[in-house]
1. Which condition from (1) out of contact with any Cys (no Cβ under 6 Å at 6 or more places or on another chain); (2) within 30 Å of L102 (Cα to Cα); (3) modelled with pLDDT of 90 or more is the one that F7 breaks?
2. Against the definition (closer than 24 Å to S182 by Cβ, among the small types (G, A, S) and under 23 Å from the mean Cα position of the chain (by Cα)), how does A18 come out, yes or no?
3. Search the range 206-221 for residues that are within 25 Å of E157 (Cα to Cα) and pair each with any residue that is of a type in the set (A, V, I, L, M) and assigned to a strand (DSSP E or B) when their beta-carbon atoms are under 6 Å apart and the residues are at least 6 apart or on different chains.
4. Somewhere in the range 77-90, is a residue modelled with pLDDT under 95, within 20 Å of I3 (Cα to Cα) and aliphatic (A, V, I, L, M)?
5. With in the same structural domain as F218 (by TED's automatic domain parsing) and surrounded by 17 or more Cβ atoms within 10 Å (Cβ to Cβ) as the only criterion, which of L136, L184, L112 stands out?
6. If you take the residues of the range 114-141 that are β-branched (V, I, T) and assigned to a strand (DSSP E or B), which of them is nearest to the chain's Cα centre (by Cα)?
7. I want to confirm something. Restricting to the range 192-215 and keeping residues that are out of contact with any strand residue (DSSP E or B) (no Cβ under 6 Å at 6 or more places or on another chain) and of a type outside the set (A, V, I, L, M), which single residue is surrounded by the fewest Cβ atoms within 10 Å (Cβ to Cβ)?
8. Under the condition of being over 19 Å from the mean Cα position of the chain (by Cα) and hydroxyl-bearing (S, T, Y), which residue from the range 21-54 is surrounded by the fewest Cβ atoms within 10 Å (Cβ to Cβ)?
Amino acid sequence: MKIKVLFFGLLKDVCGRAEDELELPENAVLKEVFDHYAALYPRLAAMAGSTVLARNQEFAGSDQPLTDGDEVALLPPVSGGAPLHEIQDPEGHWFLLTRDPLDPRDAERRLLQGSDGAIVTFHGVVRNNTKGRTTLRLEYEGYEKMAIRKMAELGREVAREFSVGRIAILHRLGKLEIGEASVLIVVTSPHRRAAFEAGLAAIDRLKKVVPIWKKEFFADGEVWVEGEWDHSAPVVSS
């Protein structure tokens, strides 16, 4: 059987490709995909404890069986006119991946209702340094179809958990300059405490479960920013 394999973030550099087609025997499992590339690229083998596998845009355990035509993605830890993915829920929640600048006022207008007594907006912006090293710009890439679904899942989860009215999570992809917003979270709620707590929970969870990666560019080089998966993500091995 043949499957499509996708590589993201640092793993794209390690394996020297963004995608590949792999032929496997019938009854193969997901771990065999990782093992195939780990044998070719020893650096990948050393990253088994931090690499997560996805099958058809869902996190999957290493022992999950494969079928012909599956799409398998190898995912490093998340940091965090163009292709655009958007989900607008009937409840008023809004989730967006875009290469265009983010507009907080537009998001606030979309979400705010007469019953709301609070609106909390968080901007994650590109800063000009990392640990004393001057940053020139950032570049974000994502496993887009999976990322928008995970953004919506965690947004709905946060809205239920904190009993807020509506939530919006918007994330930029592509090249970003210093001072530009990479992520925007807006929460509306009858009460301020719930809105603040929901916004904080949303950004903390986004950085651990949504497959979006960040590359940082310096005057003397560039590097993928390593993050950390949520404890529930099925890494290849511990």
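1. Going through the list (1) out of contact with any Cys (no Cβ under 6 Å at 6 or more places or on another chain); (2) within 30 Å of L102 (Cα to Cα); (3) modelled with pLDDT of 90 or more, F7 breaks only (1).
2. Taking the combined requirement at face value, the residue satisfies it.
3. Cβ pairs passing all conditions: P211/L75; K214/L138.
4. No, that holds for no residue.
5. Answer to the selection: L184.
6. Looking at the filtered set, the residue picked out is V125.
7. Looking at residues that are out of contact with any strand residue (DSSP E or B) (no Cβ under 6 Å at 6 or more places or on another chain) and of a type outside the set (A, V, I, L, M), I get R193.
8. Y41
The values are calculated or read from the model by the stated rules, or taken from the named source; none is laboratory data. All values reported here derive from a predicted model rather than from experimental measurement. Virtual Cβ from ideal backbone geometry, glycine too; neighbours counted across all protein chains shown.
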